[in-house]
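What follows is calculated from the coordinates using simple rules that are stated; it is not laboratory data. Predicted model only: the values in this text are computed from it and were never measured. Neighbour counts are summed over all protein chains in view; Cβ atoms, including those assigned to glycine, are modelled from backbone coordinates with ideal geometry.
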Amino acid sequence: MLETLNKIRTQVVSDLETVQSTAELEALQVKALGKKGELTALLKSLGKLPQEERPAMGAAINEARKALQERIDLRAQELKRKERDEALRREAIDVTEPRKLPEIGTAHPITIVMNEMIECFTGMGFEVLQGSEVELEYYNFELMNIPKNHPARDAQDTLYIDDNIVLRTHTSPMQARVMLARKPPIRIVCPGRVYRADELDASHSPVFHQMEGLVVDEHISMADLRGTLDAFAKHIYGADVNIRFRPSFFPFTEPSAEVDLTCSNCKGTGCKVCKGTGWIEILGSGMVNPKVLDMCGIDSQKYSGFAFGIGLDRIAMGRFAIPDMRLLFEGDARLLSQLR
């Protein structure tokens, strides 16, 4: 049995020199010192020895176990250090190696314009509110003085979810919700996406962006509307911007006007963007219809107000000289790279 012990000990010492990984070392340790290992088997066979030889043999086996465990522990430290060094070499980063600079993103033209407009209107004392893109027909139409069977509903080409729920055709429903919930003075702007069943072309899209504005207080007049829109146009386009007001009709304003800017693509000579007119329509506006005020619980004899709705997409096209509205929705990184 002593000879067997010496063979086991010699073999383990020899194998320790050849193992190349902690996994191999662990397997060797289990084979020699584990519960079912070779030394454990020797301990279990001590009963076959004469009674007087058992203590000496047991002590020899335990001394061999202790010595082999110490050598295994030392080898484990060497292997772990070696594996750590190899991992560090594999994962090393050469900080002096030239690398391609990461691409830096930029805001979308519509986002840029929206932020500029919010800055403009908040500077004039407006509060910014946002509403739901899925809206009840009651707020989208009826409180805006567009009852059922009104021809304006056909003109809007509404996208219905069911008989009473629509994808909002304008951001005006927030005007009604605010007027129902608050008393004047009211001064708000409401940016967001709106939806209409328009044909997609260079200047129209079924999904586009608006910013609605509303002011309600005592003694509000058309002059206040003109002054507000003049300040807006100068803030966005500069002091020499050319604008024009055209009489128009909207059910929720009376009187109503549309505001145009000189086409930035052709500078007024006529192109496909402005359909040869030299002008781009950017917003509709007017004095809030007294019927709308009364339906929303505001005394139209005491209060008056104005409202406007600005097309952010067309503002962005003019601001960045983008010739086709479809470019705003195609996600082409080349367009955004020009804005850096």
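Summary of computed values
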{"item": "Inverse mean reciprocal Cα-Cα distance (Kirkwood Rh) of the range 2-91, Å", "result": "14.3 Å"}
{"item": "The range 2-91: relative contact order in percent, alpha carbon pairs under 8 Å with at least 6 residues between", "result": "35 percent"}
{"item": "In Hz, Karplus ³J(HN,Hα) per residue of the range 101-106 (6.51, -1.76, 1.60; θ = phi - 60°; x = Gly, Pro)", "result": "5, x, 6, 9, x, 8"}
{"item": "Computed over the chain: relative contact order in percent, which uses C-alpha pairs under 8 Å that are six or more apart", "result": "15 percent"}
{"item": "Pair-distance profile P(r), taking every C-alpha pair of the chain, with 20 angstrom steps and integer %", "result": "24, 32, 8, 13, 18, 6, 0"}
{"item": "Eligible aspartates and glutamates near residue 302 by straight Cα distance, threshold 13 Å, same-chain separation 8 or greater", "result": "217, 218, 294"}
{"item": "Degrees, to the nearest 10: 22-33 long Cα axis against longest axis of the chain", "result": "40 degrees"}
{"item": "Any cysteine of the chain lacking a neighbouring Cys Cβ under 4.7 Å - listed by number", "result": "120, 190, 296"}
